[in-house]
Amino acid sequence: MNDSVRKFDAKLFYRKLDSLFYAMDPTWPHIDMLKAFLEESFRALRDHLHLKTCLYYEEDGEVFTLQQAAGETGAGMAASLELSDSRLQALFQHNVYIFDAAASMVGSASAALMVGKKPTRSIFFYLLETGWSREELDFALNTIRAALGARITEERLRGSFKEAALIQQSLLVDEPPEFAGYDIACGSIPAEEVGGDFFDFTILDPEILGLAIGDASGHGLPAALLVRDVVTGLRMGIERHLKVGIVFEKLNRVIHRSKLSSRFVSMVYGELETNGNFVYVNAGHQPPLIIKHNSVESLEAGGSVIGPLPEVRFVRGITQIDHGSILLLCTDGIVERSNSEGEFFGESRMIEMIRAHRGASAQKMLDELFSAAFEYGNRRPWEDDASGVIVIRK
């Protein structure tokens, strides 16, 4: 390594950058964040890097427009830079560039870095005092560029996650509807800010309740966006009074054509009548359970998961929920919750938990189920989204 770079304390430099970012409010708009960084970084680094002036430009159509300046102002401060500017051309190619006095067009050496992608690129131009070191400056500017790039990416991801979370919250119900003769509870715990689990309820008429639960593969933003498409498509199909098998087949074709070959959705949709009749389709999902006094029925009729195959056929299952029976629908985040030995929580423990709380409300049962699974996993954060719906026929 070159001696001048060795003298440059990289760890100290990283700590300075970290402290600068830490002091900034993450809710600031993009331009305000970069303006603040310009001021603070110039103050912290000007003496060591021999900086005279720092100029911050934002892409604005066919030009880059000056947003903020720090240090000496006056000569060399262009209000805007044309895309044809030779300095920009060099910067577009290299992202960080150091200009000698002749190439800088300002009579003294200068340097620049660029972050972001077209059409929202940002440029920092530095006018230099005498005594600067090319190796140190090159190292410092590349480090600043990487740090700024990471910060901007995090900012955009936060915005995307917030948007996805808002979309999800607007689609998914907070509480189940009232349905005569039944006690219903639902709940979900995402492994990340937004998740891939969902449940939904639709009152088709006073005597028929449509209910669904599902799990989009993975979790986080991609899964949340897939959930949005599935829930919207399911609702549209049901509202058009299509048979549920046909709705699932249409959903499968749409998801398959999205070309997200690694993405799929498992789900169950059923229509519950006040007399206890339950017609359902299970698309590769964790089978719902009807927990009766002396037996347990697993609801498996349906077909494969939605997405991977271009054409899938689904069949209906028909069963009965008697008075006192409990319908449990959940996602595999609960079933596959593992302990320190890697053993799953499993169906048997779920059934045991439900039976141990027979006579309690549906919400109490669900709370106890989540609590038991969480404890079984040694209170570790949830590895996967976990959701459940409990329906008790009174």
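The values are calculated or read from the model by the stated rules, or taken from the named source; none is laboratory data. Please read all numbers here as calculations on a predicted model, not as lab measurements. Glycine also receives a Cβ, built like all others from the backbone with ideal geometry; neighbour counts cover every protein chain displayed.
Considering only segment 218-229, I want to know if a residue exists there that is modelled with pLDDT of 85 or more and closer than 27 Å to Glu336 by Cβ.
Checked against the condition, which is being modelled with pLDDT of 85 or more and closer than 27 Å to Glu336 by Cβ, segment 218-229 yields no hits at all.
Restricting to segment 208-217, name every residue that is at pLDDT 90 or above and in contact with a Pro (Cβ under 9 Å, 6 or more places away or on another chain).
Leu209, Leu211, Ile213, listed by residue number.
Can you find a residue in segment 338-351 that is basic (Lys, Arg) and under 27 Å from the mean Cα position of the chain (by Cα)?
So far as segment 338-351 goes, no, none of its residues is basic (Lys, Arg) and under 27 Å from the mean Cα position of the chain (by Cα).
Go over the candidates Gly388, Gly333 one by one and state the one that is under 26 Å from the mean Cα position of the chain (by Cα), in a helix (DSSP H, G or I) and either crowded, with 16+ Cβ neighbours inside 10 Å or at pLDDT 95 or above (or both).
Answer to the check: Gly333.
Please determine, by comparing only the residues of segment 284-320 that are hydrophobic (A, V, I, L, M, F, W, C) and assigned to a loop (DSSP other than H, G, I, E, B), which one is surrounded by the most Cβ atoms within 10 Å (Cβ to Cβ).
Checking each candidate, the answer is Phe314.
Taking segment 155-207 only, how many residues are modelled with pLDDT of 90 or more and among the β-branched types (Val, Ile, Thr)?
3
Of all residues being more than 16 Å from Gly388 (Cα to Cα) and more than 22 Å from the chain's Cα centre (by Cα) in segment 183-215, which is surrounded by the most Cβ atoms within 10 Å (Cβ to Cβ)? Just the residue, please.
That would be Leu209.
Any chance segment 328-346 includes a residue that's without any contact (Cβ under 8 Å) to a residue 24 or more places away in the chain, in the same structural domain as Ala372 (by TED's automatic domain parsing) and of a type in the set (Lys, Arg)?
The answer is no; no qualifying residue exists.
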